[in-house]
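Take a look at the structure below.
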Amino acid sequence: MRSPGARPGGPGLPLAVFAALTTLGLFLVVVLGFIDTATNSALGCGRSFPLCHGSLFPSDNLQAVIEWSHRALAGAVGLMEGAAAVWAWIRAWRVVEVRVLAAVGLGFVVVESVVGALAVLSPESKAAIAVHLGIALTAFAATALLAWALWGLRAGSGVLRRPPAPRALVRWTWIMMVYMYVAVYVGAYVAGTDSGVYCLTWPLCTAGRATLSLANPVTIDLLHRFVALLAGAIGTYLFVLARRARDVRPDLARLAHAVLGLIVLQIVSGLILVLTHIALETTIVHVALATALFTAVAAMTLGVLPEARPRPAKPERATAAD
């Protein structure tokens, strides 16, 4: 049976593949953005935007090359995001989830570009760097879920058809989603302020004393660790709730397994990050896991939403033969 909202033949394989490639591109943008921050390359092109030191191509300076590569990839993927959104609207406009996810993905990519430019033009603002990452992850998650929905519609699997989830599971899924934004922003603030290099012991920091000031790098890093542990507690409770509802919503139970597993891996990678003295390779793994975790929680959030009814199709015009 054809899924509701798809045009005859479904969204089509080319659209589903293109959405998946756009998701991969956004993932690379997120990772390269963190490499940009970790290598202090955000100002590799100075305060010149969108050019690099007033030129189209960067000099031989490695930091300029990294920053320029980040901008170039983000620009190319932004165009792909726009094409994917318009294509999805044309092919599956009646499906509410497709319509909203395409709009959210494209909207946040545009906002991400603006905030990225502000971060370059106002490099003293560490908050702009943190906000930039949160927006990038939102754009990625929306695009990944759009690709997932398009593949489900194409296969006619009814991936967007879902029975209601228990209220407690719905409530705690939303709590987890909101909390993930907090965790992401705190983690990005740690990276933007280079606070991680001050605490190279685990689980406590012996390099100094924490204070009530968020200007204290020890405070920032210990706050990040506390946030990660609390995410583990919330994720565990969410896992228990999803397990109880696995007969009604096995899809949410599977996602809860993924969320809890990714939280554990994220905490372990954080420990390894400390032991390797914030090595670039470990940072990339840490960011990749954070991106996957954020997307898994976003998928659960989409899954607990009430099923949206597709827009009714326009009645076909009667022909003379009729």
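The values are calculated or read from the model by the stated rules, or taken from the named source; none is laboratory data. None of the values given here were measured: they were computed from a predicted structure. Cβ coordinates were reconstructed from backbone atoms using ideal geometry, including for glycine residues, and neighbour counts include every protein chain displayed.
What to note about this one:
- Within segment 60-166, helices (runs of 4 or more DSSP H) holding 1 or more residues that are β-branched (V, I, T) and modelled with pLDDT under 85: 96-121, 126-155
- Taking residues in segment 48-76 that are surrounded by 15 or more Cβ atoms within 10 Å (Cβ to Cβ), and partners anywhere that are in a helix (DSSP H, G or I) and of a type in the set (F, W, Y), the pairs with Cβ atoms closer than 8 Å and at least 6 places apart or on different chains are C52/W68; P58/W68.
- For segment 223-239, taking the residues that are among the aromatic types (F, W, Y) and at pLDDT 95 or above, the one that is surrounded by the fewest Cβ atoms within 10 Å (Cβ to Cβ) is identified as Y237.
- Residues being modelled with pLDDT under 90 and not in a helix (DSSP H, G or I) are represented in segment 286-305 by at least one member.
- Of all residues in segment 16-47 being among the hydrophobic types (A, V, I, L, M, F, W, C) and farther than 30 Å from A85 by Cα, the one that is surrounded by the most Cβ atoms within 10 Å (Cβ to Cβ): C45
- For segment 183-198, the condition holds for at least one residue, the condition being that it is among the β-branched types (V, I, T) and farther than 30 Å from L101 by Cβ.
- Conditions (1) closer than 28 Å to V96 by Cβ; (2) touching a residue at least 24 places away in the same chain (Cβ under 8 Å); (3) exposed (fewer than 15 other Cβ atoms within 10 Å of the Cβ); (4) not acidic (D, E); number of the one not met by A242: (3)
- Taken over segment 217-236, the criterion of being among the hydroxyl-bearing types (S, T, Y) and farther than 20 Å from W174 by Cα is satisfied by T219 alone.
- Restricting segment 251-298 to residues that are in contact with a Ser or Thr (Cβ under 6 Å, 6 or more places away or on another chain) and free of Cβ contacts under 8 Å to residues at least 40 places away in the same chain, the residue that is farthest from F239 (Cα to Cα): T276
- Within segment 260-290, considering residues that are among the small types (G, A, S) and under 23 Å from T138 (Cβ atoms), the one surrounded by the most Cβ atoms within 10 Å (Cβ to Cβ): A290
- Pick from segment 189-232, criterion in contact (Cβ under 8 Å) with a residue 60 or more places away in the chain and assigned to a helix (DSSP H, G or I), ranking: farthest from I267 (Cα to Cα): G192
- Which numbered condition V170 fails, given (1) within 21 Å of the chain's Cα centre (by Cα); (2) in a loop (DSSP other than H, G, I, E, B): (2)
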